[in-house]
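The values are calculated or read from the model by the stated rules, or taken from the named source; none is laboratory data. Just so we're clear, the structure is a prediction, and the values are computed from it rather than from any experiment. A quick note on method: Cβ atoms are made from the backbone with ideal geometry, for glycine too, and the neighbour counts reach across all protein chains shown.
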Amino acid sequence: MSTREVFTDRLQAGVLLLPTMVVSMVFLYYPTVRAVGLSFYRASLARGDVFVGLENYRRLAGSSEYLRSVLISVLFAACVVVGVMAVALCISFLIHEINVGKGVYLVAVIWPYALPPAVAGLVFLFIAHPNIGIFTSYIEALGVDVNWFSNGPQAFVVVLIAAVWKQVGYNVIFMTAALGNVPESLTETAELDGVSRTQRLLRVYVPIISPTLVFLVIMNTIYGFFRTFPMVDLMTKGGPAGATNILIYDLYRTAFQFYEFGFASAKSVVLFIAVGLLMYGQFRLSDKYAYYGG
Amino acid sequence: MVHSGGGYDHVSRRSVLKASGTALTVGTVGLAGCSSSSGASVRPVDEDSLTIWHAMGGTNGETLQGLVDQFQSETGIKANLVFQDSYEGVLTNTLSALDSGEVPDVFQIDSLFAQQVLDTDAVEPVENLLSDDYPVDDFLPNVTSFFTIDDTLTSMPFNNSNAILYYNRSAFEEAGLDPDSPPTTLEEVRSYSQTLVDEGVTDAGITWPNHVWFVEHFYSVDGQTLLDAENGHAGQPTTMQTDTETARSLYEWWHEMADNGLFSNPGIEAWGEATSTFLTEKAAMLMTSTASVTGIRSGAEENGFEVDNAFYPTIDGDRTGPVIGGASWFVPSGLPQDRQDDIGSFLEFMGRPESQITWHKGTGYYPIRQSAVEQLETDGWFSENPMYRTAFDQLTQAENTPATKRMLIGPARQVQTTIQDKSVELFSGEVGVDEGLSELKSAVEEQLNRYYS
């Protein structure tokens, strides 16, 4: 990794970079700049755009509904990250330790990840539907009143479970691979020293695979904020009473159902900055705690 | 958006940065390009053929295609149906099209979004496209009254329906209720539901999708407008009428029904789920569109029970009438004259009695021409299909008042969402009725005020 200067010829490097640059410009950077510009307008389809300065941002700052959406998103993303990683770590460790049928377990765990998000959302909807769900009657037999179309906290939990279920497979792929790279000698040493299984996982393996874990924290954060959209859209539509109205869904609704594109752009800019800051913080933390081997 | 980083055998700090940076940016794109300045000249999507955007899926779509095929062979005018998945899909694409100037010739707009389309000032009143001797007064007045604004027929009504009460006769009998006297008021719906649940016949008494249309129906049946300014037909409305006995009775009842497990909540805009709940006999009553008669009848047969329907329940016994739902055909303005003539032929064809009879029989939507209704009557259609008779009687027996004209507002989707979301809070008891209604009122006022300011 030390030889940085692969290309001495700048022109050659530029030509090779060009396709990526063009695609990024057209599909990422230009729209981003446009969205920032649009956030200063009152823009709705076919009714003309009016420059309104910071009005959209002022409206955001004064909206208790939006504030609630921010809090719900942060809570949701935090629960997703913690939930996914805790479950995935346990499963990965079990798969790592077992000697028979590793592949079968791995495939079983990765399966939900292989589903397209929209399909996963629909599947989960019909598994847990309060009236016609496949598992609903069994869960109700345990004494739980399944009522998440009306009950906010229950809806939050159901969408959270769906989101975790979907993302665990992705994490397990990375974690089992990272665990597979832990030197056998370390395991042997730990066993000789009489370190218990749990201690071995938490004190030996986790620090060693910390770069992978940092990577996963970040990917899961993005997932929690952005990619859980289909589940919310298909299962709760942000409801009931805004209980699952995460920012990305709120943004979609403002733009593509209410056609308030200026206001939606302001929301997207705020979301972009917020998640950007969050990640910056995560990198600073990871610099302190992750072990990159160098 | 998934990046595998630098491969999992060696995850470097740089690969982590790279992957997350790309993923993050995606959040903001997708919005740009949604807005542009218009003013360009209007031209059709396809020069060689009429382009019709619609939202009729499944068998309804097939019936529509059949009509269009017939139109093409009779007139020699080419017409191309383009399915846009949903009313929202048609609306979004239409607004973008009107914005860009490259437009479909005809588009099917849900009555809820009519004002939003009119506010673009880019549509031609269909009355201008119909020939002078076209018998506009043969349309059912309860239907055309909604689509007529300032004495001009702005769009061509096509697929229209009301909401009605369906009930499971077999379940009623099992619970010892008289299947020939279905409930007519909220109180009766409650007591019937209680009996059905107490007798262990069904899990819940009644279900219906949480859609603003049903709230609109409760208001109109009770003779009340939902919004001021005659639901938006007499100017720009500013508020929702929530300080009324109608609103309080409705939401108190709804909350009690939910609280006692008599109302099964299928979810927001969950048409399909509500119907399944009824057809799988988890609830013995269902409120949904009159256009569902055929589907519900065959569904009930499959599930081995006898189904019937009755008028939409009233708040307290007084009945004004239902509001119209469904959609109409809109036409963009600024197309050349010969093009407009072809479009006029298309609209006239879709509205003629023969087409309306085909359409009604194929889909369950109302035939909207009086002569079509008379023809069906002579053919004995209504006596063979008593459920259509009930649906139709509900429409024709209605008074024609401002209350029975559905809300006509620009920010319809916002107000709709607000009412639906707030309804959940109200019936689930998350807020009290008085507090919830006043919150609902101010939220609707804010939406209206923002749009019209």
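Structure data summary
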read-out: Matching option when the condition is out of contact with any Ser or Thr (no Cβ under 8 Å at 6 or more places or on another chain), of a type outside the set (Val, Ile, Thr) and more than 7 Å from chain B (Cβ to nearest Cβ), among A:Phe225, A:Phe229; value: A:Phe229
read-out: Qualifying residue in the range B:55-74 (condition: aromatic (Phe, Trp, Tyr), over 24 Å from B:Val212 (Cβ atoms) and not assigned by TED's automatic domain parsing to the domain that holds B:Ala412); value: yes
read-out: Segments classed as helices (runs of 4 or more DSSP H), wholly inside the range A:123-211, with at least 3 members that are over 24 Å from B:Ser276 (Cβ atoms); value: A:152-180, A:184-192
read-out: Hits in the range B:229-245 (condition: of a type in the set (A, V, I, L, M) and part of a loop (DSSP other than H, G, I, E, B)); value: B:Ala234
read-out: Yes/no for B:Ser276 being in the same structural domain as B:Glu188 (by TED's automatic domain parsing), assigned to a helix (DSSP H, G or I) and either buried (at least 24 other Cβ atoms within 10 Å of the Cβ) or of a type outside the set (D, E, K, R) (or both); value: yes
read-out: Helices (runs of 4 or more DSSP H) contained in the range B:36-137 and holding at least 2 residues surrounded by 14 or more Cβ atoms within 10 Å (Cβ to Cβ) and modelled with pLDDT of 95 or more; value: B:58-75
read-out: Filter result (touching a Leu at 6+ places or on another chain (Cβ under 7 Å), buried (at least 24 other Cβ atoms within 10 Å of the Cβ), assigned to a helix (DSSP H, G or I) and not aliphatic (A, V, I, L, M)) within the range A:259-284; value: A:Phe261, A:Gly262, A:Ser265, A:Lys267, A:Ser268
read-out: Matching residues in the range A:178-206 - criterion: being within 14 Å of another protein chain (Cβ to nearest Cβ) and surrounded by fewer than 17 Cβ atoms within 10 Å (Cβ to Cβ); value: A:Gly180, A:Asn181, A:Val182, A:Pro183
read-out: Residue ID - modelled with the lowest pLDDT, chosen from residues in the range B:162-180 that are touching a Leu at 6+ places or on another chain (Cβ under 8 Å) and part of a loop (DSSP other than H, G, I, E, B); value: B:Asn162
read-out: Criterion: touching a strand residue (DSSP E or B) at 6+ places or on another chain (Cβ under 9 Å) and polar (S, T, N, Q) - qualifying residue of B:Gln70, B:Gln65; value: B:Gln65
read-out: Those residues of the range B:193-204 which are surrounded by fewer than 24 Cβ atoms within 10 Å (Cβ to Cβ) and assigned to a helix (DSSP H, G or I), in sequence order; value: B:Gln194, B:Thr195, B:Val197, B:Asp198
read-out: Residue within the range A:265-273 that is more than 8 Å from chain B (Cβ to nearest Cβ), over 14 Å from A:Ser69 (Cβ atoms) and either within 19 Å of the chain's Cα centre (by Cα) or of a type in the set (Phe, Trp, Tyr) (or both) present; value: yes
read-out: Residue that is nearest to A:Phe126 (Cα to Cα), among those in the range A:232-264 that are of a type in the set (A, V, I, L, M, F, W, C) and more than 10 Å from chain B (Cβ to nearest Cβ); value: A:Leu234
read-out: Residues (surrounded by fewer than 23 Cβ atoms within 10 Å (Cβ to Cβ) and in a loop (DSSP other than H, G, I, E, B)) located in the range B:411-453; value: B:Ser428, B:Gly429, B:Glu430, B:Val431, B:Gly432, B:Ser453
read-out: Residue selected from the range B:372-415 under the condition closer than 21 Å to B:Gly223 by Cα and of a type in the set (Val, Ile, Thr), by the criterion nearest to the other protein chains (Cβ to nearest Cβ); value: B:Val415
read-out: Condition broken by A:Ala155, with the remaining ones in (1) modelled with pLDDT of 90 or more; (2) within 14 Å of chain B (Cβ to nearest Cβ); (3) closer than 18 Å to A:Val87 by Cβ; (4) out of contact with any Cys (no Cβ under 9 Å at 6 or more places or on another chain) satisfied; value: (3)
read-out: Residues of the range A:19-44 that turn out to be in contact with a helix residue (DSSP H, G or I) (Cβ under 6 Å, 6 or more places away or on another chain) and assigned to a loop (DSSP other than H, G, I, E, B), as a count; value: 1
read-out: Total residues in the range A:45-102, condition surrounded by fewer than 20 Cβ atoms within 10 Å (Cβ to Cβ), part of a loop (DSSP other than H, G, I, E, B), within 14 Å of chain B (Cβ to nearest Cβ) and without any contact (Cβ under 8 Å) to a residue 24 or more places away in the chain; value: 3
read-out: Complete set of residues in the range B:249-273 that are part of a loop (DSSP other than H, G, I, E, B), more than 11 Å from chain A (Cβ to nearest Cβ) and under 20 Å from the mean Cα position of the chain (by Cα); value: none
read-out: Subset of the range A:225-258 (residues that are of a type in the set (S, T, N, Q) and either under 16 Å from the mean Cα position of the chain (by Cα) or crowded, with 20+ Cβ neighbours inside 10 Å (or both)); value: A:Thr228, A:Thr236, A:Thr244, A:Asn245, A:Thr254
read-out: Selection count, the range B:282-296, where residues are modelled with pLDDT under 95 and within 14 Å of chain A (Cβ to nearest Cβ); value: 1
read-out: Qualifying position, being touching a residue at least 12 places away in the same chain (Cβ under 8 Å), under 20 Å from B:Ala114 (Cβ atoms) and either assigned by TED's automatic domain parsing to the domain that holds B:Asp222 or within 20 Å of the chain's Cα centre (by Cα) (or both), among B:Tyr365, B:Tyr388; value: B:Tyr365
read-out: Any hit, the range B:269-276, residues being touching a helix residue (DSSP H, G or I) at 6+ places or on another chain (Cβ under 6 Å), in contact (Cβ under 8 Å) with a residue 24 or more places away in the chain and either among the small types (Gly, Ala, Ser) or over 30 Å from B:Phe172 (Cβ atoms) (or both); value: no
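A quick yes/no check of all residues on (1) of a type in the set (A, V, I, L, M); (2) farther than 30 Å from A:Leu122 by Cβ; (3) in contact (Cβ under 8 Å) with a residue 40 or more places away in the chain:
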site: A:Phe156; (1), (2), (3): no, no, yes
site: A:Ala162; (1), (2), (3): yes, no, yes
site: A:Val168; (1), (2), (3): yes, no, yes
site: A:Gly194; (1), (2), (3): no, yes, no
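Each row is one residue, and each column tells you yes or no for (1) surrounded by fewer than 17 Cβ atoms within 10 Å (Cβ to Cβ); (2) at pLDDT below 95; (3) part of a loop (DSSP other than H, G, I, E, B).
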position: B:Phe158; (1), (2), (3): no, yes, no
position: B:Pro182; (1), (2), (3): no, no, yes
position: B:Glu187; (1), (2), (3): yes, no, no
position: B:Ile206; (1), (2), (3): no, no, no
position: B:Tyr219; (1), (2), (3): no, no, no
position: B:Ala247; (1), (2), (3): no, no, no
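Yes/no per residue for (1) in the same structural domain as B:Asn60 (by TED's automatic domain parsing); (2) under 21 Å from B:Ala114 (Cβ atoms); (3) polar (S, T, N, Q):
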{"site": "B:Asp138", "(1), (2), (3)": "yes, no, no"}
{"site": "B:Phe146", "(1), (2), (3)": "yes, yes, no"}
{"site": "B:Met156", "(1), (2), (3)": "yes, yes, no"}
{"site": "B:Glu174", "(1), (2), (3)": "no, no, no"}
{"site": "B:Pro182", "(1), (2), (3)": "no, no, no"}
